[in-house]
Amino acid sequence: MNGFLYGAALQWKLDIRSKSLLVTCYIVPLIFFLFMGGIFTSVMPEMGSTLIQSMTVMSVSMGAFIGLPPSLTETYGSDIKKVYKANGVPVCSGLVAMFLSAFVHLMITCVVIVLLAPVLFEAALPAQLPLFFLALAVYIIVSLSIGSVLGLTVKNQAKLTMTAQLVFLPSIMLSGIMFPIHLLPEFLEMTGRIFPAFWGYRLMLNNGFCPENLWYLIFIFFAAAAICGIVMKKQKAK
């Protein structure tokens, strides 16, 4: 346990110094929030009631789908994993440490958004903050599990970038955070339901924490966890 905690703390320090994580988990999401928050509330004042939920979905999606996978690919697609074996450290410890570190970074970004949105844009705070943060934690975990699958299964960085974008962009455009989902054609509306962002957004809305919005996210998490487990077993056997 001490070894794992040391590894997690070390990963935290490495991530703080990572320019890639700084960009995907902090700079871009917060700039998007500051820029688009004013536009959304000016053009559509009613979005003030859901601005926090919309911006947190965007921030988490970017950090999980674009920020985390390259770090995993770099670790498990190279000889770095041999260092774990040579020192008797479980191969999965790197994945767990990166997962936890990314979770903390994304939660920090979302807390900043929750604190600034009412001050800067007169956005409404969630009616039940404990339930909101619980829903947020669920969405972060599910999104990071998908990011973990991408990072472990796509070995080529160029392909990984393209694949991550194919997950990230529909998550943002088809989830309903940019504009009402009913404005989309029925086909695109149904396609948006495939992505966790659609359900995560609704889970974080007032009175949205219910089994109807939760079951699909749980299914995605366990499916992603199973895939990661299979990949880890293969990594261990090599």
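In the condition set (1) small (G, A, S); (2) in contact (Cβ under 8 Å) with a residue 24 or more places away in the chain; (3) farther than 26 Å from A124 by Cα, G229 is compliant with all but (2).
The residues on offer are I172, I141, and the sole one that is more than 17 Å from M55 (Cβ to Cβ) and surrounded by fewer than 22 Cβ atoms within 10 Å (Cβ to Cβ) is I141. Screening the candidates A124, A224 for the property of being out of contact with any Leu (no Cβ under 7 Å at 6 or more places or on another chain) and either surrounded by fewer than 17 Cβ atoms within 10 Å (Cβ to Cβ) or charged (D, E, K, R) (or both) yields one hit, A124. The set of residues from segment 190-235 being closer than 25 Å to F132 by Cβ and at pLDDT below 90 comprises G192, N206, N207, G208. For segment 45-55, a residue qualifies if it is at pLDDT 80 or above and either under 19 Å from the mean Cα position of the chain (by Cα) or not hydroxyl-bearing (S, T, Y) (or both), and the qualifying residues are M47, G48, T50, L51, I52, Q53, S54, M55. Scanning segment 153-171 for residues that are part of a helix (DSSP H, G or I) and either over 28 Å from E189 (Cβ atoms) or in contact with a strand residue (DSSP E or B) (Cβ under 6 Å, 6 or more places away or on another chain) (or both) gives T153, Q157, A158, K159, L160.
Among the residues of segment 37-59, the one identified as farther than 21 Å from G208 by Cβ and either among the acidic types (D, E) or touching a residue at least 12 places away in the same chain (Cβ under 8 Å) (or both) is G38.
Taken together, the residues in segment 150-184 that are aromatic (F, W, Y) and under 16 Å from the mean Cα position of the chain (by Cα) amount to 1. Of the residues S78, S101, S20, S42, the single one that is modelled with pLDDT under 90 and either at positive phi or not in a helix (DSSP H, G or I) (or both) is S78.
The values are calculated or read from the model by the stated rules, or taken from the named source; none is laboratory data. Here the structure is a predicted model, which is why all the values come from computation and not from measurement. Glycine also receives a Cβ, built like all others from the backbone with ideal geometry; neighbour counts cover every protein chain displayed.
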